[in-house]
Amino acid sequence: MKDNENIEKLSNFNSPSGVRDSYTQTLQYLYDRLPVFQHIGGEAYKPGLENSIRLMSSLYNPQNKYPTIHIAGTNGKGSVSHLLAAVLQKAGYKVGLYTSPHLDDFGERIRVNGKMIEQQYVIDFVERHKNLFANIEPSFFEATMAMAFNFFADCQVDVAVIEVGLGGRLDSTNIIIPVLSIITNISFDHVGFLGNTLQKIAFEKAGIIKANTPVVIGETQSETCLIFEEISKNLLAPIYFADEHFKISFIGYSDGKMQVETSDKKLLNIGLCGIYQLKNIVTVLAAIEKLNSLNFKIPELAIQEGLENVVAITGLQGRWQKLNNNPTVVCDTGHNVGGMEYIVEQLKTQQYKTLHIVFGMVNDKDISAVLALLPTKARYYFAQANIARALPANELKEKAKSSGLIGLAYLSVKQAIDAVLSETKSDDFIFIGGSNFVVGEALPLFEK
């Protein structure tokens with residue numbers, strides 16, 4: 001989204017108008033002064049930890065005042081972060097949660113027990129540290145991370161779940177000393193920064209593995225497991241492949257929840273309905289087992305309630321999220337080859353008369369490979385999100401033709417959604433995706 005338009009959308013309109021105006025101005029300052037990867041892509045990426053170390057040192061290293069759990073991976077790290085935070089909260093812990101990017105509100109990035117960071121805190125933190133930002137010149141992500149870690153310390157959280165932004169080894173969050181590291185899986189994304197083979201990407205993700213600190217690997221992959229094992233061995237870090245110890249199977253859906261069964265015949269209701277969440281649930285169960293071995297106290301009831309109510313507890317959005325009935329409208333933030341493979345498989349299981357797909361991408365993804373996965377028997381509405389990185393809708397439309405995908409181009413997500421809603425019947429199915437930004441712009445349209 002363009003900065004001026006984005007800032008107004010980021011505001012929480014439940015606050016008094018004076019605070020809201022100051023909050024809007026504060027966010028405008030952050031977007032104007034600090035490079036934002038969400039908006040401009042690689043130009044905003046500042047690999048290395050020097051800025052993070054200087055920032056946190058100036059703040060007296062608040063990230064060391066509470067235990068942390070560090071989560072990396074190509075796909076699933078956001079879901080795993082929210083699922084784990086929900087379970088920990090139901091176990092009675094005060095939980096900080098730092099994730100990115102946000103979809104609709106800046107505060108989604110920084111939560112304590114599911115509640116977004118207060119607007120006044122954002123205002124005060126930025127005002128207090130403008131000189132520090134001017135001196136260090138951090139990226140938007142680095143400054144936001146510093147704010148989150150400081151907020152968690154001020155809130156006196158019991159534990160903080162920290163999602164890696166990009167990669168791992170050189171990600172700005174990699175200054176924490178976690179009690180547990182988690183790597184969900186490895187697929188191709190951000191290859192310009194992380195490498196063009198799974199082995200190179202795995203090496204970067206493995207950078208979050210710390211000496212003598214257990215690491216859970218969510219998915220055993222032949223191309224990458226030896227890299228994780230070698231690095232863990234050198235660091236004396238106990239390694240645990242989740243899918244070698246936990247097995248779950250999909251049962252069905254009931255009351256908007258996904259039902260699964262564990263290998264020991266326990267039934268779990270899951271508040272996230274994407275079939276691809278099965279691997280994430282296995283990862284979370286393994287992480288919980290490890291945390292309990294580290295003197296956390298997470299009872300079975302907390303696991304059941306956290307997994308079932310993750311959306312209400314944490315506010316997670318955009319993971320196979322149903323936005324409407326008759327016609328059914330679902331959105332998902334999956335945007336790379338690995339994520340799109342699972343989405344396409346789930347689309348095959350849906351019942352509908354006609355499939356409609358609202359789709360947009362950013363210009364630094366493997367566009368052709370993603371388009372090649374999409375179903376040809378669908379009507380397409382190619383949309384252009386309101387950010388500089390968005391691939392122009394007409395260009396996306398032309399690229400899609402080579403994969404047999406036919407549709408019309410729209411200059412905005414709203415125009416595309418207005419068009420699809422005007423053309424669908426009650427027994428049709430609408431999927432919205434391809435980019436976090438497309439989903440982020442779609443969500444408020446259905447909240448109304």
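Every read-out reported here was derived from the displayed coordinates using simple, explicitly stated rules and does not represent laboratory data. These numbers were taken from a predicted model, which means no experiment stands behind them. Every residue, glycine among them, receives a Cβ derived from its backbone with ideal geometry; neighbour counts consider all protein chains shown.
Given the chain, what percent of its DSSP beta bridges are antiparallel, to the nearest 5? About 35 percent, rounded to the nearest 5.
The spacing between the range 326-397 and the range 125-189, judged by their C-alpha centroids, is 30 Å. Ordering of 238-244, 310-316 by packing is 310-316, 238-244, highest average first (other Cβ atoms within 10 Å, averaged per residue). Compute the FRET efficiency between E261 and R54 as 1/(1 + (r/R0)^6), taking r as their Cβ-Cβ distance and R0 = 56 Å, and round to the nearest 0.05. For R0 = 56 Å, the calculated efficiency reads 0.70. The calculated FRET efficiency for the pair Q156 and I251, based on their C-beta separation and a Förster distance of 45 Å, comes to about 0.65.
Placing a label point 7 Å from the Cα of N295 along the Cα-to-Cβ direction, the residues of the range 197-226 with a backbone N closer than 16 Å are 213-214.
For the chain, modelled as a Gaussian network with Cα springs under 10 Å, which listed residue fluctuates most, C225, C273, C331? Checking each option, the largest mean-square fluctuation is seen for C225. Computing FRET efficiency as 1/(1 + (r/R0)^6) for L421 and K401, where r is the C-beta to C-beta distance and R0 is 22 Å, gives about 0.35.
The helix-only estimate of mean residue ellipticity at 222 nm for the chain, built from DSSP H runs of length n ≥ 4 each weighted as -39500 (n - 2.57), is -12000 deg cm²/dmol after division by the residue total. Sparse packing (at most 14 other Cβ atoms within 10 Å of the Cβ) combined with a DSSP loop state is found for the following trypsin sites (Lys or Arg not before Pro) in the range 313-372: K348, K353.
Backbone amide hydrogens, once placed in the peptide plane, bring A160 within less than 5 Å of T68, I69, G96, excluding anything fewer than 5 places away on its chain. Just how many % of Cα pairs in the range 367-417 lie over 17 Å apart, if you round to the nearest whole percent? Percentage above 17 Å: 30. A crude spin-label estimate for the pair E345 and N131, with each label 7 Å from Cα along the Cβ direction, gives 5.6 nm. Highest mobility in the GNM of the chain, judged by mean-square fluctuation with C-alpha springs under 10 Å and restricted to A400, A369, A286, is found for A369. Label-to-label distance, E447 versus K353, with points set 7 angstrom from Cα along the beta-carbon direction: 3.2 nm. Could you work out which residue, out of N386, N324, N135, moves most in a Gaussian network model of the chain, that is, has the largest mean-square fluctuation with Cα springs under 10 Å? The residue with the greatest mean-square fluctuation here is N135. Taking every full run of DSSP H in the chain, the ones that stretch at least 18 Å from end to end by Cα along their long axis and average 0.0 or higher on the Kyte-Doolittle scale are 77-90, 140-154, 277-293.
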